[in-house]
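This report refers to the structure that appears directly beneath it.
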Amino acid sequence: MEELKNNSGTIQYIVIRVGEEQYGIDIKYVDNIIHMCSITRVPKVAPYVKGVINVRGEVIPVMNIRTKMGLPEAEYTKNSRIVIIKSEQQGFVGLIVDAVKEVVTLEVDGIEKMSYDRNGKDMFVTGVGKHQGGLISLLDLNEVLAE
Amino acid sequence: MDVSQYLEIFLDETREHLQNLNTEILNLEQDPENEDTINEIFRAAHSLKGMAGTMGYKRMQALTHHMENVFSEVRNGTIKIKSHMIDILFQCLDALEEYTANIQENSDEGTNDNEALTKLLNDCLKTEEEETAAEAAVEETKQTEAPASSSEDKWNDIPLDDTQKHVLSEAIKQGRKVYGITVKVQESCILKAARAFLVFKAVEELGEIAISAPSAQDIEDEKFDLEFSIIVITDSTLEEVLGDIRSVSEIEGACGAEMTEFGGTQDQASQAKEEAPEEPKNVPAKEVPSEKAPAAAAAPAAAQGGAKHEKKAGGKAVGNRTVRVDIEKLDVLMNLVSELIIAKNSLVSAASQTGESNAAVDSQIEYLENVTTNLHESVMKVRMVPIESVVNKFPRMIRDLTKKLNKQMELHMSGEETELDRTVVDEIGDPLMHLLRNSADHGLESAEVRKERGKPEVGSIFLDAYQDGNNVIIEVKDDGNGIDVEKVKAKAIERGTITPDQALNMSDKEVIDLLFLPSFSTAKEVTDVSGRGVGLDVVKSKIEMLGGEVEVKTKLGEGSTWTIRLPLTLAIIQALMVEVGGEKYAISLNSVTTLENIAPSEVKLVQSEEVIHLRGSVIPLVRLNEVLDIESTRKEGENMIVAIVKKGDKLAGLVVDKLMGQQEIVIKSLGKFIGKSRLISGATILGDGEVALILDANVLI
């Protein structure tokens, strides 16, 4: 029992930066991380959907996580990345983030569950983890990708 | 023996045979005397029996065996087809289909013995047998003579044509020996074809098999009874050959003799010379009535098979010229072709970007383009199957409906050979069935009403398929009542779908389109044939899912025509590439009729909508930049480039900024996340790696 817990006791997260805050994405949902590329606009869709891109011959929709969180749009910089998420419900979706920082391993026990109110950007967060003195908000991808 | 690996093939082939039986029995109902039909049914039933037996499905085997018995008698002329027999036969087919369905689901045929059916089948035999008892007695006496001559020297009965005779006499001239051999398989043998194959193999080690009766193909398909005959060219002695044959297990015996003159052996030369050359075909035919039903199974098939194949000199095992391929493998192939076309497009765009044109590169690219286009077409053709496999079940369905609805009707089909992509064919069956049932149930009037209206009492339903450019059109037409627009309106108002005010302003066409809304059924009573309200909307959405469209034209009192238009292929299309506000879009070239250059002064306003007059028709204008929410790059006052697109007989003019030319594009989905955008039907990857969206012109019209 003790051993089982140890095996499943850690989760790896990819840490991204959006604005001044850092967020963690469970690595098992991440298919790929690519540099910014040319995005083809799709008309008549939600404002956070930026369009579609070509990743290795597949057409993949991309969304801007800033817009989704209600933050003002920012210029893309050389640090901007597209994190390709593979979701069971939505298939492949690209998330535009301000930067991808590192991969961290967090103890499940060390994660604090969030009880959030359903407005503002907190609603996309399931919990908060601590890493080297900093706080990482863990993203709830189902909420991020939900319409 | 483990037969599970053959299960798929078994199921496929069983379905084919059942379909075949359905069709042929329907033919038989029209023409009970037709010998070809009877033979075909007999053969199908016999193959089914053999297959079921091999796979160990005893009940299925037993039922087909009884069916075969009946047909054997029919073929011998001892009994005649009567209408009640047709019904029994259809019930048998249903029972067989049930077995097949059971087998597919849990690899077991189930426990239904269908004793009642078996009894009915046997009754057919009995009543007729009594009637023809006298006749049968005569047959019996004949029987005693025939086998005596047949079992020993059957090789003499093998019909030889001139080429074969020539081949044999050449062999003798070269000092080789020619033997006629008849091999008998033990009655208990389960895999006769396999044993025969071993015999063939053994003989081929010593020499070559010049001719076999039944043909190699028929033997392979187990279309023979317990015996088969071969003519062998070899350097070995007769004893060696016979010895090797007898060493194959489950072979009861083999006998043979040397042949020096084609058509007969030395010993029996006198007899053979008289009979064999003149009427070789008659000999096996004569045996037919003499032997009892199941045993006779193979002989006629053999005679037929032999006759059919005798022209193929050499008579070596002729392999089937078709291959069964899993559709998934074809999907993979199609994807690879798609990738290749994208790569080719990239190459074209890379070559044009270097600036200087290189004649050698250009001509090679042109060649490559040629190859990829042909490759695409070939793969597409491989995926195409005739719609026959789907529409063949409809005559039976209409026949059943005739009885169920108590209406007289006939189905006339044409264009069954029209081909469509396999995926489309798999999906189109249900919508078509629905439209046909709809015509039968709602469309056609009862016989009395038809008589009053001066129409023939038997209603007609037509199913016509044909290719029209890059589309395939399937029409379901009836000469029934047509759609009563007023009734539809009343129903829609009653259901609250539309308000009475709306109803006043609706055109007939708009009213008819209401039928395609979910849960809309105008049948006064719900029958189990159609009219449960799950219907036309499902038909429509299914056809749209396949990239097609459905339309209906109707005239009250005269009938309706439902027209389904389907694209030939789903994955790769020819597109017109245009630019709007600096963005690239693709429009299926299929829907584009012409390209026009229009001066701004030619644009008129009708009911505050922009239209243009073009060759006598008024065409509404759609400014794509407005639809797509983007600034046009065209300067004020400049001429407009307009692509005229059509949907059915409606036209619209799409205003674009720039034309970029025609290109073969691979359709990709936008992904679930963006969902089905009405305006955009998909995306494609251009030569430079960028993504361009595909506009669905049909939505804009």
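All of the numbers you see were taken from the coordinates with simple rules; none came from a lab. Computed from a predicted model, the values in this text were never measured in an experiment. Quick reminder, even Gly has a Cβ in these numbers, built from the backbone with ideal geometry, and neighbours come from all protein chains shown.
Between residue B:205 and residue A:78, what is the spin-label point distance in nm, taking each point 7 Å from the Cα along the Cα→C-beta axis?
Taking the simple label geometry, residue B:205 and residue A:78 are separated by 7.8 nm.
Taking 0.36 nm per residue of separation and subtracting the Cα-Cα distance, what length does fully extending residue B:378 through residue B:504 add?
On the way: separation 126, 0.36 × 126 = 45.36 nm, distance 5.25 nm.
Using 0.36 nm per residue and subtracting the Cα-Cα distance, I get 40.1 nm.
Just the ratio, please: alpha-carbon radius of gyration of chain A over 2.2 N^0.38 Å, N its number of residues. Don't jump to the answer; show the numbers that get you there.
On the way: Rg = 15.7 Å, N = 147, 2.2 N^0.38 = 14.7 Å.
Taking N as the residue count of chain A, the ratio is 1.07.
Too long at a 25 Å Cα-Cα cut-off: which of A:50/B:635; A:44/B:658; B:329/B:381?
From the list (A:50/B:635; A:44/B:658; B:329/B:381), the Cα-Cα distance tops 25 Å for A:50/B:635.
Report the gain in length on full extension from residue B:107 to residue B:364: 0.36 nm times residue separation, minus Cα-Cα distance, nm rounded to one decimal.
Gain on stretching residue B:107 to residue B:364: 87.1 nm.
What is chain A's relative contact order, in percent, from Cα pairs under 8 angstrom and six or more apart in sequence?
26 percent
What are the extents of the Cα atoms of region B:182-236 along their three principal axes, listed from largest to smallest and rounded to whole Å?
Result for region B:182-236: principal-axis Cα extents of 33, 17, 15 Å.
Is region B:312-439 best put as rounded, prolate or oblate by its Cα gyration tensor, with a ≥ b ≥ c the root eigenvalues, rounded for a/c under 1.5, and otherwise prolate when a/b is larger than b/c, oblate when not?
Prolate, since a/c reaches 1.5 and a/b exceeds b/c.
Between residue B:537 and residue B:471, what is 0.36 nm times their sequence separation minus the Cα-Cα distance? Round to one decimal in nm.
Value of the extension gain: 21.6 nm.
Take peptide A:82-93, look around each residue's Cβ out to 10 angstrom, count Cβ atoms belonging to other protein chains, and average those counts.
Details: counts 0, 0, 0, 1, 0, 2, 0, 2, 5, 4, 3, 4.
For this peptide, the per-residue mean of nearby foreign Cβ atoms is 2.
Across peptide B:679-687, what mean number of C-beta atoms from other chains lies inside 10 Å of a residue's C-beta?
3
Packing-wise, with mean Cβ within 10 Å as the measure, how do B:412-425, B:359-372 rank, highest first?
Details: B:412-425: 17.8, B:359-372: 12.4.
Result, highest mean Cβ count within 10 Å first: B:412-425, B:359-372.
Can you figure out the FRET efficiency of residue B:94 with residue B:430, using R₀ = 25 Å and their beta-carbon distance, to the nearest 0.05?
0.80
With labels modelled as points extended 7 Å from the Cα through the Cβ direction, what inter-label distance (nm, one decimal) is found for residue B:346 paired with residue A:67?
2.8 nm
Give me the orientation-averaged projected area of the Cα convex hull of region B:159-213, in nm², one decimal.
For region B:159-213, the mean projected area of the Cα convex hull comes to 4.4 nm².
With each pseudo-label sitting 7 Å past Cα toward Cβ, what's the residue B:397-residue B:353 distance in nm, one decimal?
5.2 nm
Counting only other chains, what is the mean number of Cβ atoms within 10 angstrom of the Cβ of each residue in peptide A:35-43?
Mean inter-chain Cβ contacts per residue within 10 Å come to 5.
May I ask you to order B:66-75, B:604-613, B:114-123, A:43-52 by the average number of other C-beta atoms within 10 Å around their residues, highest value first?
Descending packing order for the listed peptides: B:66-75, A:43-52, B:114-123, B:604-613.
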